[in-house]
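Below you'll find the structure, written out as structure tokens, and then a few comments.
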Amino acid sequence: MNTPEVTAWYKQFWPWLIIFFPASAVVAGTITVIIAVQNSDTLVKDNWYKDGLAINQELDKQIAAKRMGIAAHITINRENNQLILSLDNIDPANIRTINVVLVHPTQPEKDAQYQAFFTPTGNYVAQLPAIPAGFFHLRIDADNTEWQLTGGINFSNTESATIQPK
């Protein structure tokens with residue numbers, strides 16, 4: 001009598017199909033844990049209420065910049081790693097240095113703050129270690145002033161930009 005030939009379970013399709021889904025869930029879960037550990041979330045600030053009040057103060061500074069007609073024209077000097085700022089309606093006799101803050105939208109380790117100094121050419125120049133790549137939020141202000149400019153600049157594909165008050 002002929003008995004059907006029985007193949008081993010590991011040589012058949014269906015057990016592997018059933019094993020595939022739980023195994024893929026384990027692999028995906030492991031990858032998710034690795035990503036979560038390497039890219040931890042930033043902590044919530046303890047003084048969140050104070051930070052919320054500061055947002056209103058920044059909005060007031062932007063409104064003041066608009067009222068005063070202040071605007072910044074930025075030129076990127078890639079050869080010397082410099083940001084050259086020309087500011088409208090600013091008296092350089094009163095303001096010798098300008099604060100320039102670059103904030104990366106997703107990578108806080110790329111955030112940086114620089115000072116731009118007034119030069120005899122009539123511009124403010126900020127010396128950078130290197131011109132960053134990609135998009136950055138930009139904040140321009142001076143110490144003890146009532147104005148502030150904010151905007152964005154993509155360093156990868158632009159040589160100049162204008163920041164207008166919002």
Checklist (1) surrounded by 13 or more Cβ atoms within 10 Å (Cβ to Cβ); (2) modelled with pLDDT under 95; (3) in a strand (DSSP E or B) applied to Gly152, failing item: (1)
The listed residue being in the same structural domain as Asp143 (by TED's automatic domain parsing), touching a Ser or Thr at 6+ places or on another chain (Cβ under 7 Å) and of a type in the set (S, T, N, Q), out of Thr121, Thr97, Thr106, Thr75: Thr75
Test: residue in segment 137-146 that is assigned to a strand (DSSP E or B), in contact (Cβ under 8 Å) with a residue 60 or more places away in the chain, among the acidic types (Asp, Glu) and in the same structural domain as Met68 (by TED's automatic domain parsing): yes
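The values are calculated or read from the model by the stated rules, or taken from the named source; none is laboratory data. Values in this document were obtained by computation on a predicted structure and should not be read as measured data. Glycine gets a Cβ as well: all are built from the backbone with ideal geometry, and neighbour counts include every protein chain shown.
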